[in-house]
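Colleague: First the structure, then my questions, so here it is.
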Amino acid sequence: MRKLIIAIDGPVGSGKSTVARRVAELLGYAHLDSGAMYRAVAWKALRDGVPLDSPDRLSNLAHGLRVDLISRDGKLHVVLDGEDITNAIRTSQVSNAASIVAVVPGVRAPMVAEQQRAGALGGVVMEGRDIGTVVFPHADLKIYLDALPEVRADRRRQELLEKGELHDVSKVLAEVHERDRRDREREISPLIRAADAVIVDNTAMDADETARVIVLLAGETAKATAG
């Protein structure tokens with residue numbers, strides 16, 4: 001059966017990374033986390049003192065980086081210029097910086113080109129905010145993953161808590177609303193649902209249940225495209 005390109009888009013806290021990873025595992029596909037690439041650029045910018053309001057310097061930084069996404073021991077590792085920064089890029093500071101970095105055209109161009117190269121042959125599950133609209137507009141299956149803001153905020157808070165960051169739920173909810181606004185209103189590749197995407201609302205589903213729904217959709221898509 002032909003291997004598909006599966007695009008999963010959605011707002012912060014919708015569970016894209018976890019769900020995409022599990023879908024990839026169930027299908028035997030590669031998991032490509034586009035957001036991790038922008039987080040890597042943001043982490044490097046913060047570490048090196050590159051101003052987030054300087055598009056030229058951010059662009060120069062991005063063009064000089066090598067970001068590898070490597071699956072190891074059932075986990076996706078993010079390796080920047082040979083250094084594993086998987087855990088370092090998951091802080092709230094890097095997350096907020098990534099949403100700023102990701103709208104810079106000079107940063108997006110090399111990242112999108114790499115994403116397209118990595119997924120061109122199919123057999124991939126790629127997630128982000130513009131995968132089905134910009135990176136792979138002709139993806140075989142497009143999913144728009146969403147949940148109520150309160151649920152997404154709670155998930156985000158739990159994720160940060162696991163990394164040792166304690167945040168008040170009201171603060172995280174405010175950050176979720178701000179990220180939603182910024183992602184949807186940005187000029188470059190805003191977060192929008194592709195017209196042919198299937199909406200999967202996982203407000204009342206955990207990651208495993210959500211992944212199984214998407215795997216079923218993938219099976220139906222594969223059969224339909226097989227002719």
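Colleague: When residue 50 is evaluated against the numbered criteria (1) surrounded by fewer than 20 Cβ atoms within 10 Å (Cβ to Cβ); (2) closer than 17 Å to residue 156 by Cβ; (3) in contact with a Leu (Cβ under 8 Å, 6 or more places away or on another chain), which criterion, by number, is the only one it fails?
Modeller: (2)
Colleague: Next question, about the same structure. If you go through segment 46-64 one residue at a time, do you hit one that is under 15 Å from the mean Cα position of the chain (by Cα) and without any contact (Cβ under 8 Å) to a residue 60 or more places away in the chain?
Modeller: No - not one qualifying residue is present in segment 46-64.
Colleague: How many residues are loosely packed, with under 14 Cβ neighbours inside 10 Å, out of contact with any helix residue (DSSP H, G or I) (no Cβ under 7 Å at 6 or more places or on another chain), of a type in the set (A, V, I, L, M) and in contact (Cβ under 8 Å) with a residue 12 or more places away in the chain when one looks only at segment 173-227?
Modeller: Qualifying residue count for the region: 2.
Colleague: Now for a separate question. Only one of 44, 3 is part of a loop (DSSP other than H, G, I, E, B) and either within 29 Å of residue 206 (Cβ to Cβ) or modelled with pLDDT of 90 or more (or both). Can you tell me which?
Modeller: After ruling out the rest, the residue left standing is 3.
Colleague: Next question. Among the residues of segment 98-118, which ones are in contact with a strand residue (DSSP E or B) (Cβ under 7 Å, 6 or more places away or on another chain) and aliphatic (A, V, I, L, M)?
Modeller: Across segment 98-118, the qualifying residue is only 118.
Colleague: I'd like the residue in segment 135-158 that is open to solvent by 60 Å² or more (accessible area, probe 1.4 Å) and not in a loop (DSSP other than H, G, I, E, B) and, out of all such residues, is modelled with the highest pLDDT.
Modeller: Within segment 135-158, the match that is modelled with the highest pLDDT is 150.
Colleague: Still on this structure, I have one more. Among the residues of segment 53-101 satisfying the criterion of being under 24 Å from residue 164 (Cβ atoms), open to solvent by 20 Å² or more (accessible area, probe 1.4 Å) and part of a loop (DSSP other than H, G, I, E, B), which is modelled with the lowest pLDDT?
Modeller: The qualifying residue modelled with the lowest pLDDT is 74.
The values are calculated or read from the model by the stated rules, or taken from the named source; none is laboratory data. The shown structure was predicted, so the numbers you read here are calculated from the model rather than taken from an experiment. No Cβ is skipped: glycine too gets one built from the backbone with ideal geometry, and neighbour counts run over all protein chains shown. Just so you know, the surface numbers come from the protein's heavy atoms only, side chains and all, with ligands and any DNA or RNA stripped out. Shrake-Rupley method; radii C 1.70, N 1.55, O 1.52, S 1.80 Å.
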